[in-house]
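Enquirer: Have a look at this one before I ask anything.
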Amino acid sequence: MKNNSRSKLSVFALGGLDEIGKNMYVVRYGDDIIVIDSGLMFPEEEMLGIDVVIPDITYLVENRDKVRGILLTHGHEDHIGGLPYILRELNVPIYGTKLTLGLVEHKLREAHLLNQTKRIIVNNRSEVTLGSIRASFFKVNHSIPDSVGIALETPEGTVVHTGDFKFDMTPVNSNMADMHKMAEIGKKGVLCLLSDSTNAERPGFTGSERNVGEALAEIFRTSKQRVIVATFASNVSRIQQVVDAAQDHNRKLAVIGRSMVNAVNISMELGYLRVPPDLLIDPDEINRLPAHKVAVISTGSQGEPMSALTRMAHGAHRKIEILPGDTVVLAATPIPGNEKTVAKTVDQLYRVGANVIYSANSSNGVHVSGHGSQEDLKLMLNLMQPKYFLPIHGEHRMLRAHGQLAESVGVRPENIFICDNGDAVEFFGGKARFGSKIATGKVLIDGLGIGDVGNIVLRDRKLLSQDGILVVVVTLSKNNGKILSGPDIISRGFVYVRESEKLLEEANRIVTQTMEKCANERVSEWASLKTSIRDALSRFLYDRTRRRPMILPIIMEV
Ligand SMILES: [Zn+2]
Ligand SMILES: [Zn+2]
């Protein structure tokens, strides 16, 4: 018998599955849609000229009258970075903790969206009613303070989203996780748990952030000259430890890098970073103090070419240069894909005479992950005791590994759903199954444009970067269609012109022949003329050079 008064519950991701980044999860019961997080992802190498990638939100735009709000788990880019683009198309209220919204507000102000966006601060005691769904929050440990997991009570059962988390028994700033509350939620019954899979392949527990503090203290104590620490601007807990180490070892601290300055200011303002009054110095003062009295915190832990650290290493930073004897700490591990740029920066730092401490050569741990390892993940599963399990945040193999962990603590294998973006899991009457697929995708952002760079533009950029461009200019007579001047061929990034005169001469002849042939066949439409030139030239050049430069015919009539 069908019960019409009840709706089904569906849960799916618009981003964040089978990838690291652009996290966006959707929970829908009947006509109520809740979105969790709105992240961005940094582009892969082959996406030339693309600045960021965000999830395709067509589904949400099409159902805009049903979207009750966006709930945020924490203030990292892969969870909030998409908001300035997404809120432009979807003006819905956003809910987050104080620090998370502080970081969001800065972004919205830059995007001129601050006034039109309704923002509601929540904490671990808040309860928010969003249509038929009730949201509550529990504190988790992560590398940024004020991170929460979210419990959504729906008529069909409770869905829990952990956000990014680990269990840290001695967190910085005594930001204890709400383990009691998690157990309570679990005791009341969890229909489905969505949990962070980033470190699901790593055995054991993830170390405490406090360990990094001890390692830093040792470095600050023993270094004879300046200490420069590079880390993520978003890792506020790590910044706190650098502040503490500087204070404890009588060094003044300069903050370098736009995003680092920004993160320090916002976190201090909102009380998430405690900095003694006269600890911070202006970068201009660095050189006025003795080297052993100075520490610097900076961006650039990923060896990003334009970051402060890389510029310092190359003597290209306006305020500070790395000197022989300086100690440089890279307090972060390379994100997969960044290993090469990090290695290059480390090389350059050694070249200028610095002592470099980074993940590969330090056994004393200048970095611990913000994500739980296998034992952390099992602990979460045991606290929540979910009936169904949906691993999130991670590439496919991590989701698989997390699924196995769930099985090992007693979740039934048939109740574990390993999903891709857009795979909807539907719950009805306590039973779950895969529903119809939701359309998902990537939206590429290039400068200020949103999604105006499609596959064709990307293909063009790839062609240009690999094989260069050839511009063919021909001037025709308006009266009889005869060639008045040209064809002139201009090439860039294709062949070295002086050594390829013969090739270009032949190319010239090909164009002339093609135009004559077109004239004989009475083809006078410019579009077909251009296509003929492009085809003939492309065939000829590929024959001779095995390259396919972009060919741009320009026809003028006078
Ligand atoms: Zn995070
Ligand atoms: Zn994350």
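Enquirer: I'd like the full set of residues that are of a type in the set (S, T, Y) and either at pLDDT 80 or above or farther than 20 Å from E557 by Cα (or both), limited to the stretch 456-488.
Expert: Result: S465, T475, S485.
Enquirer: Can you tell me which of (1) open to solvent by less than 20 Å² (accessible area, probe 1.4 Å); (2) within 16 Å of ligand 1 (Cβ to nearest atom); (3) touching a strand residue (DSSP E or B) at 6+ places or on another chain (Cβ under 7 Å) is the one E209 doesn't meet?
Expert: Condition (3) is where E209 drops out.
Enquirer: Another question, then. Against the condition in contact with a His (Cβ under 6 Å, 6 or more places away or on another chain), within 16 Å of ligand 1 (Cβ to nearest atom) and either open to solvent by 10 Å² or more (accessible area, probe 1.4 Å) or of a type in the set (G, A, S) (or both), how does G39 come out, does it pass?
Expert: yes
Enquirer: Something else now. Collect the residues in the stretch 327-346 that are under 11 Å from V366 (Cα atoms) and either hydroxyl-bearing (S, T, Y) or open to solvent by 40 Å² or more (accessible area, probe 1.4 Å) (or both), keeping them in residue-number order.
Expert: T333
Enquirer: I'd like to verify a number: residues in the stretch 485-509 that are open to solvent by 40 Å² or more (accessible area, probe 1.4 Å) and touching a Ser or Thr at 6+ places or on another chain (Cβ under 7 Å), how many?
Expert: Summing the residues that are open to solvent by 40 Å² or more (accessible area, probe 1.4 Å) and touching a Ser or Thr at 6+ places or on another chain (Cβ under 7 Å) in the stretch 485-509 gives 2.
Enquirer: Suppose the filter is aliphatic (A, V, I, L, M) and touching a helix residue (DSSP H, G or I) at 6+ places or on another chain (Cβ under 8 Å); does L379 pass it?
Expert: Considered against the rule, which asks whether it is aliphatic (A, V, I, L, M) and touching a helix residue (DSSP H, G or I) at 6+ places or on another chain (Cβ under 8 Å), L379 comes out as no.
Enquirer: Of the residues that make up the stretch 57-66, is at least one in contact (Cβ under 8 Å) with a residue 40 or more places away in the chain, at negative phi and within 16 Å of ligand 1 (Cβ to nearest atom)?
Expert: So far as the stretch 57-66 goes, no, none of its residues is in contact (Cβ under 8 Å) with a residue 40 or more places away in the chain, at negative phi and within 16 Å of ligand 1 (Cβ to nearest atom).
Enquirer: Report, by residue number, each residue of the stretch 518-549 that is closer than 17 Å to P487 by Cα and either of a type in the set (D, E) or not in a helix (DSSP H, G or I) (or both).
Expert: Hits for the stretch 518-549 are S524, D535.
Enquirer: Considering each residue of the stretch 381-413, count those that are open to solvent by 20 Å² or more (accessible area, probe 1.4 Å) and either charged (D, E, K, R) or not in a helix (DSSP H, G or I) (or both), and give that number.
Expert: 9
Enquirer: Let me ask you something else. Can you report the number of residues in the stretch 257-285 which are open to solvent by 40 Å² or more (accessible area, probe 1.4 Å) and in a strand (DSSP E or B)?
Expert: 1
Enquirer: For D248, work out the one condition from (1) buried (at least 18 other Cβ atoms within 10 Å of the Cβ); (2) away from ligand 2 (no atom under 16 Å from the Cβ); (3) of a type in the set (D, E, K, R) it doesn't fulfil.
Expert: So the condition that D248 fails would be (1).
Enquirer: Among (1) under 23 Å from S143 (Cα atoms); (2) at pLDDT below 90; (3) within 25 Å of the chain's Cα centre (by Cα), there is one condition N364 misses while meeting the rest; what is its number?
Expert: (3)
Enquirer: Can you tell me which residues in the stretch 73-119 are more than 16 Å from ligand 2 (Cβ to nearest atom), closer than 18 Å to S267 by Cβ and in contact (Cβ under 8 Å) with a residue 60 or more places away in the chain?
Expert: Once the filter is applied, which keeps residues that are more than 16 Å from ligand 2 (Cβ to nearest atom), closer than 18 Å to S267 by Cβ and in contact (Cβ under 8 Å) with a residue 60 or more places away in the chain, the stretch 73-119 yields K98, G102, H106.
Enquirer: Among the residues of the stretch 171-226, what is the count of those that are basic (K, R) and either in a loop (DSSP other than H, G, I, E, B) or within 16 Å of ligand 2 (Cβ to nearest atom) (or both)?
Expert: 3
Enquirer: I want to confirm something. Restricting to the stretch 421-455 and keeping residues that are at pLDDT 80 or above, closer than 27 Å to I20 by Cβ and among the small types (G, A, S), which single residue is surrounded by the fewest Cβ atoms within 10 Å (Cβ to Cβ)?
Expert: Out of the qualifying residues, it is S436.
Enquirer: Mind checking whether some residue in the stretch 50-63 is assigned to a loop (DSSP other than H, G, I, E, B), among the polar types (S, T, N, Q) and more than 14 Å from the chain's Cα centre (by Cα)?
Expert: Checked against the condition, which is being assigned to a loop (DSSP other than H, G, I, E, B), among the polar types (S, T, N, Q) and more than 14 Å from the chain's Cα centre (by Cα), the stretch 50-63 yields at least one hit.
Enquirer: Would you mind telling me which numbered condition in (1) touching a residue at least 24 places away in the same chain (Cβ under 8 Å); (2) surrounded by 14 or more Cβ atoms within 10 Å (Cβ to Cβ); (3) not aliphatic (A, V, I, L, M) S465 fails?
Expert: Checking S465 against (1) touching a residue at least 24 places away in the same chain (Cβ under 8 Å); (2) surrounded by 14 or more Cβ atoms within 10 Å (Cβ to Cβ); (3) not aliphatic (A, V, I, L, M), the one that fails is (2).
The rows are residues; the columns are (1) assigned to a strand (DSSP E or B); (2) at pLDDT 95 or above; (3) not polar (S, T, N, Q).
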{"residue": "S7", "(1), (2), (3)": "no, no, no"}
{"residue": "V11", "(1), (2), (3)": "yes, yes, yes"}
{"residue": "L14", "(1), (2), (3)": "yes, yes, yes"}
{"residue": "G21", "(1), (2), (3)": "no, no, yes"}
{"residue": "S38", "(1), (2), (3)": "no, yes, no"}
{"residue": "M47", "(1), (2), (3)": "no, no, yes"}
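The values are calculated or read from the model by the stated rules, or taken from the named source; none is laboratory data. Source: prediction; values computed, not measured. Neighbour counts run over all protein chains shown; Cβ positions are idealised from the backbone, glycine included. For accessibility, only protein heavy atoms count, side chains too; no ligands or nucleic acids. Shrake-Rupley method; radii C 1.70, N 1.55, O 1.52, S 1.80 Å.
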